[in-house]
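Engineer: So that we are looking at the same thing, I have put the structure below in structure tokens.
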Amino acid sequence: MKGKSLFVISCLLFISNIALSQNTFDIIFNAKDRDQKCKECIQAFRQKPKEVRYSIIRENNDLYFEINNKNWFLLVFKNPDDGIAIDVVLKDRYACENESLSKNQILGSLLKPVYSEELKSGLISTEQNVFRVKVGEIPKEIIKNDLEYNILFLGKKNLCQYYVTYDLDYYSWGLLDMGLYLDFLTYDTKQIRSSANESTTIENKALKFIIPFEKNKADYSQAYIKPIFDTLKLTDYDIKSLNIKAYSSIEGASSRNAELQEQRANNIVSALQKIQQPTIERVVSSSENWVEFFNDIGGTKYEYLKSLSKNEVRKLMIGNMAKEMENILKNHRKAVVELELEKKLKHKSESTSLLLADFNTSISEEKLERAKEIQNSIFDKIKAQETSVESLQEMVIPKQAKYAQLINKNLVYKYVLDERLALVVYNELLELEKLVPNDAKVKYNIVALQIKLLRYKAIGIDESNLIRDINALRKYGINKSLITRMMVNFHIVVADKFMKNSDFNNKEKSVDFVNSNYKKFPLSNYDYLSLAQFFSFYGNYNLAVELLERKARSIDIDENLLFYYLNLTLIDKELTKDSNYRTILLNAYNMNKERFCKLFNSTDKGGVTFQLLENPYLRNTYCENCDN
């Protein structure tokens, strides 16, 4: 589930030599003995566990300081003159028509500080491990403006720390997809979305093709699409869904490029729809390929173009320069085609009652392959809501070893339809295991469900026994990478337990295990985001950034992965100076302009923070692309 993190804090901003023109109350700025007066405050910040998070929460006109660790709160505000003051900042400060930003120590309107005694007496618990205290009210004269709220931490009335809070999109960390065995290992079709019907693929496949185009042409060589046709002819699959991202090279008029992108995408859709009757679900997007352009000019004599605006680059890409760069540009005209294939079912047109009768007859006649085909058709009808899940109960399967795979499939599919049945299905699989004690598929499914049940504390599971069961899968022929994935999931789960018990040392050991082992098996987009959120949740933002940075410069990165990466990195001034970071920004802008520009909204309006625009590079990028 996507949401907003309440306690994410940005890096320290501190300016020490600027005079103030507004009421500073009794706060002391730039005192000669500041280091001594702030010694305890600064020490408290150095001792702050990385899991501690805090922010300013607005309710109507009131502002509250909210924190998830009371002990650290008491450490920071130990002395009578330790306190908090709020700097209320207006977005108007960052208007693009303002040629330069004023260099003030206080960026907006400073509110009267609140000191230790009042902070401690006013602190209340709002939920488990969340505490808050009122620290001010928004001045009436600016209450209708677009606002944000920075925090001044005071030590003995001296300004010791100045922080900008920012709001980070998050997706609650989930387990990496271990899959479950039906006929074969079957994975979820989870998309990285805040609201989606998360279903499971039954006998589906995914294919990916790249189709190049010639300059200024929307037609393509049939040789590039032939592998798609050949794949469909050689298999019993239909195209269920189609995702096409069409790209033009960056030279030429943007209007003409947009026209080419659309024509290229539509030509591919039309060709693929002709080869099958079922309508193909489609998602089509298009953009100029600035991402690969900036990637490919790195290390060449054209690298200086990275420092120019898009309009400046486009003006240069006329005549001789475009001809000189054709060997680079020709690789950028293409379409990335992703297909999800769905297995054709032989009995799709038959009624559920007829299928059930045929299935039970096939069982009685011991025609197990035919029974398996019909079982898949019944699953498909349940998935399409053409029949109810109760149909599974009407499939009469004797509890004998030779029918174990059919029983296993029914049980697993029951869980797929409703994960709340995990414990019921787990217990039924344990009964099935008695019939086939050495069946690898049943063993794998039991262990996978144990990990899921451990996560939700739905059953008392001995962790040492679970580790033993995971490792024991080797002797049943389960691939080593699948076992490693399970062990990573185990440590993701127990890290949460250690965190809640404030056992930070063991929590770090589990995080280290996850970080050391996730590279040993392939990751889906959903897995990437789950891991990145897991690392972020425990304060290991550097590990999350390291995980995603390579993908962030790829044109076919999942949109939500890319924007999550931006949320993690936009406040890093050193990183945003890197010319390669511009490629990532343009990648995000090309994918979703509205979402990209929204990053620079106030936290109250769904942005990360408009104070990102203090960064000249980000402000130039924003004003070039969003201020219209």
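Engineer: If R₀ is 41 angstrom, what is the calculated FRET efficiency for the pair LEU185 and LYS605, using the beta carbon separation as r and rounding to 0.05?
Structural biologist: E(calc), rounded to 0.05, equals 0.40.
Engineer: Now for a separate question. With both partners inside the chain, how many of the DSSP beta bridges are antiparallel, as a percent to the nearest 5?
Structural biologist: On the way: 59 of 68 bridges.
Counting only bridges with both partners in the chain, antiparallel ones make up about 85 percent.
Engineer: Can you compute the charge dipole magnitude of the stretch 350-396 about its Cα centre, using +1 on each Lys and Arg Cβ and -1 on each Asp and Glu Cβ, nothing else charged? Give it in debye, rounded to the nearest 20.
Structural biologist: Dipole about the Cα centre, nearest 20: 100 debye.
Engineer: Related question: For the stretch 2-165, what does the relative contact order come out to in percent, with C-alpha contacts under 8 Å and a separation of six or more?
Structural biologist: Dividing the mean separation by the residue count of the stretch 2-165 yields 36 percent.
Engineer: Hey, another quick one. Note down the relative contact order for the chain as a percent, whole number, built from C-alpha pairs under 8 angstrom at least six residues apart.
Structural biologist: 15 percent
Engineer: Oh, and also: Taking every pair of distinct Cα atoms and averaging 1/r, then inverting, what Kirkwood hydrodynamic radius in Å comes out for the stretch 2-165?
Structural biologist: That comes to 16.5 Å for the stretch 2-165.
Engineer: Please report, to one decimal in angstroms, the Kirkwood hydrodynamic radius of the stretch 394-446 built from all distinct Cα-Cα pairs.
Structural biologist: Working: mean 1/r = 0.0904 Å⁻¹.
Taking the inverse mean of 1/r over all distinct Cα pairs, the stretch 394-446 comes out at 11.1 Å.
Engineer: Let me ask something else. When the C-alpha atoms of the chain are aligned to their principal axes, what extent does each axis show, in angstrom, from largest down?
Structural biologist: 92, 70, 42
Engineer: Taking 0.36 nm per residue of separation and subtracting the Cα-Cα distance, what length does fully extending LYS402 through ASP219 add?
Structural biologist: Result: 60.5 nm gained on full extension.
Engineer: If you don't mind, there's one more thing I want to ask. Mean separation of Cα pairs under 8 Å and 6+ residues apart, divided by the residue count of the stretch 446-502: what relative contact order is that in percent?
Structural biologist: 38 percent
Engineer: Next question, about the same structure. Identify the residues of the stretch 550-580 with backbone N under 16 Å of a label point that sits 7 angstrom from the Cα of LYS310 along the Cα-to-Cβ direction, or state none.
Structural biologist: Taking a point 7 Å out along Cα→Cβ of LYS310, the residues of the stretch 550-580 whose backbone N falls under 16 Å are 555.
Engineer: Which is the longest stretch in the chain that no exposed loop site breaks, taking sites as GluC sites (Glu not before Pro) with a DSSP loop state and at most 14 other Cβ atoms within 10 Å? Intermediate results must be reported in sequence, preceding the final value.
Structural biologist: Details: sites that count: GLU97, GLU99, GLU198, GLU214, GLU365, GLU366, GLU386.
The segment 387-628 is the longest one with no such site.
Engineer: Also: Multiply the residue separation of GLN273 and LEU74 by 0.36 nm, subtract the distance between their alpha-carbon atoms, and state the gained length in nm to one decimal.
Structural biologist: Extra length from GLN273 to LEU74 when fully extended: 65.1 nm.
Engineer: Related question: What's the FRET efficiency of SER125 with ASP572 using the Cβ-Cβ distance as r and R₀ = 41 Å, to the nearest 0.05?
Structural biologist: So, using R0 = 41 Å, E works out to roughly 0.75.
Engineer: Using every Cα-Cα pair within the stretch 352-444, state what percent have a distance larger than 19 Å.
Structural biologist: 40 percent
Engineer: Using r as the Cβ-Cβ distance of ARG256 and ASP556, and R0 as 25 Å, what FRET efficiency do you calculate, to the nearest 0.05? The partial results should precede the final answer.
Structural biologist: Details: r = 24 Å, r/R0 = 0.95.
Using R0 = 25 Å, I get an efficiency of 0.55.
Engineer: Two decimals is fine: what is log10 I(q)/I(0) at q = 0.18 Å⁻¹ for the stretch 514-565, from a Debye sum with one equal scatterer on every Cα and no solvent?
Structural biologist: Debye output, listed in q order: -0.51.
Engineer: Provide, as a two-decimal number, the C-alpha radius of gyration of the stretch 404-625 over 2.2 N^0.38 Å, N being how many residues it has.
Structural biologist: 1.26
Coordinate-derived values only; no laboratory data. These numbers come from a predicted model, not from an experiment. We place every Cβ from the backbone using ideal geometry, glycine too, and count neighbours over all the protein chains shown.
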